[in-house]
Ligand code: GLN
């Protein structure tokens with residue numbers, strides 16, 4: 001896509017619950033998405049959507065929701081049940097590009113059972129469920145993902161007590177090389193469904209994994225405009241950041 005083709009194209013980004021769901025730099029994901037669009041000459045509009053707001057989420061191109069602790073998750077869970085759940089479900093089925101980190105990822109599955117024994121119903125969009133374990137899974141993680149051709153690594157920081165298990169139809173985002181991933185047992189990390197990605201990787205994850213950022217942007221553009229070959233950017237700095245994070249994780 002040339003500068004001329006990009007002109008006039010607009011990417012509508014929805015940041016869900018920015019005040020409540022924002023751990024370990026998750027907000028940086030919105031900055032990375034917006035900036036990589038702008039560098040390519042695409043227009044960007046970022047809308048913050050909070051508790052009680054009732055937007056039509058399928059009208060957006062990209063929806064982002066960061067991680068949060070159990071207390072925040074309970075508030076979101078209630079808002080999903082009473083206000084936004086239906087709209088978010090429709091958006092995902094309609095192919096909106098969605099990135100859900102950690103606590104958000106958990107709430108898109110069937111349920112999340114906390115260490116205090118509270119069972120929060122999830123949206124059930126993703127074929128996955130989460131139950132808290134006694135030990136928190138904390139540290140830098142490296143994952144190999146075949147979402148890309150050729151496969152690429154993804155790096156990030158994880159901190160969760162929830163163990164997520166995928167149903168038989170769910171496709172993991174990647175295979176854990178370092179760290180815990182979904183549950184510390186089956187070697188899987190995250191989940192991909194339609195144009196939605198759920199992952200435990202904070203960090204923020206997108207600035208140092210630009211191929212994942214571009215995957216989301218490309219999916220979003222394809223849905224709205226039918227085609228989208230993204231112009232490559234000079235990613236030398238991002239590559240350096242990625243490699244440094246891999247080294248730090250001991251990968
Ligand atoms: N409260 C959830 C857990 O501990 C999610 C935490 C997070 O988003 N980092 O599993």
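A short reminder: the numbers here are calculations on the coordinates, not readings from a lab. Just so it is clear, the structure is predicted and the values come from calculations on it, not from any experiment. For neighbour counting, all protein chains shown are included, and Cβ atoms are generated from backbone atoms with ideal geometry for every residue, glycine included.
Observations on the structure shown:
- Shown is the FRET efficiency for residue 113 and residue 90, computed with R0 = 30 Å from the Cβ-Cβ distance and rounded to the nearest 0.05: 0.70.
- Using a Förster distance of 22 Å, the FRET efficiency for residue 149-residue 236 (Cβ separation, nearest 0.05): 0.55
- Distance histogram in 10 Å bins (all Cα pairs of the range 106-251, percent per bin): 11, 39, 34, 14, 2
- Where the alpha-carbon atoms of the range 18-71 are placed on the principal axes, they occupy 40, 28, 13 Å, in descending order.
- Alpha-carbon centroid distance for the pair the range 232-247 / the range 115-136, whole angstrom: 33 Å
- Relative exposure of 161, 204, judged by other C-beta atoms within 10 Å (fewest first): 161, 204
- Value of D in µm² per second that Stokes-Einstein yields for the chain, Kirkwood Rh from Cα pairs, at 37 °C (0.692 mPa s): 183 µm²/s
- Sequence-distant contacts, meaning Cα pairs under 8 Å at least 6 residues apart, place the relative contact order of the chain at 20 percent.
- For the chain, built as a Gaussian network whose Cα springs stay under 10 Å, the top-fluctuating residue of 241, 229, 32: 229
- Globularity ratio of the range 170-251, using Cα Rg and 2.2 N^0.38 Å: 1.22
- Label sites at residue 222 and residue 53, each approximated as a point 7 angstrom past Cα along Cα to Cβ, lie 2.8 nm apart.
- With the biggest extent put first, the Cα atoms of the range 2-45 measure 38, 15, 7 Å across the principal axes.
- Here the residues 225, 17, ranked from fewest to most Cβ neighbours within 10 Å of their Cβ, fall in the order 225, 17.
- Two-decimal Rg to Rh for the range 79-131 - Kirkwood Rh, Cα set: 0.98
- At q = 0.17, 0.26, 0.28 Å⁻¹ the log10 of I(q)/I(0) for the range 40-103 amounts to -0.63, -1.31, -1.42, computed by Debye summation with a single uniform scatterer per C-alpha, solvent ignored.
- Look at the alpha carbon pairs under 8 Å that are at least 6 residues apart: their mean separation over the length of the range 41-184 gives a relative contact order of 18 percent.
- Order of 26, 235 - criterion: other Cβ atoms within 10 Å of each residue's Cβ, fewest first: 235, 26
- In the chain, the DSSP beta bridges split such that about 55 percent are antiparallel, to the nearest 5.
- Computed lengthening from residue 136 to residue 159, 0.36 nm per intervening residue step minus Cα-Cα distance: 7.6 nm
- Cα-based Kirkwood hydrodynamic radius, the range 136-184, one decimal, Å: 11.4 Å
- Sites residue 5 and residue 27, calculated FRET efficiency, Cβ-Cβ separation with R0 41 Å, nearest 0.05: 0.85
- Orientation-averaged projected area, Cα convex hull of the range 50-165 (nm²): 7.6 nm²
- Long-range Cα-Cα pairs in the range 1-120 (distance over 25 Å), rounded percent: 25 percent
- For the range 127-251, the relative contact order is 24 percent, taking Cα pairs closer than 8 Å that sit 6 or more residues apart in sequence and dividing their mean separation by the residue count.
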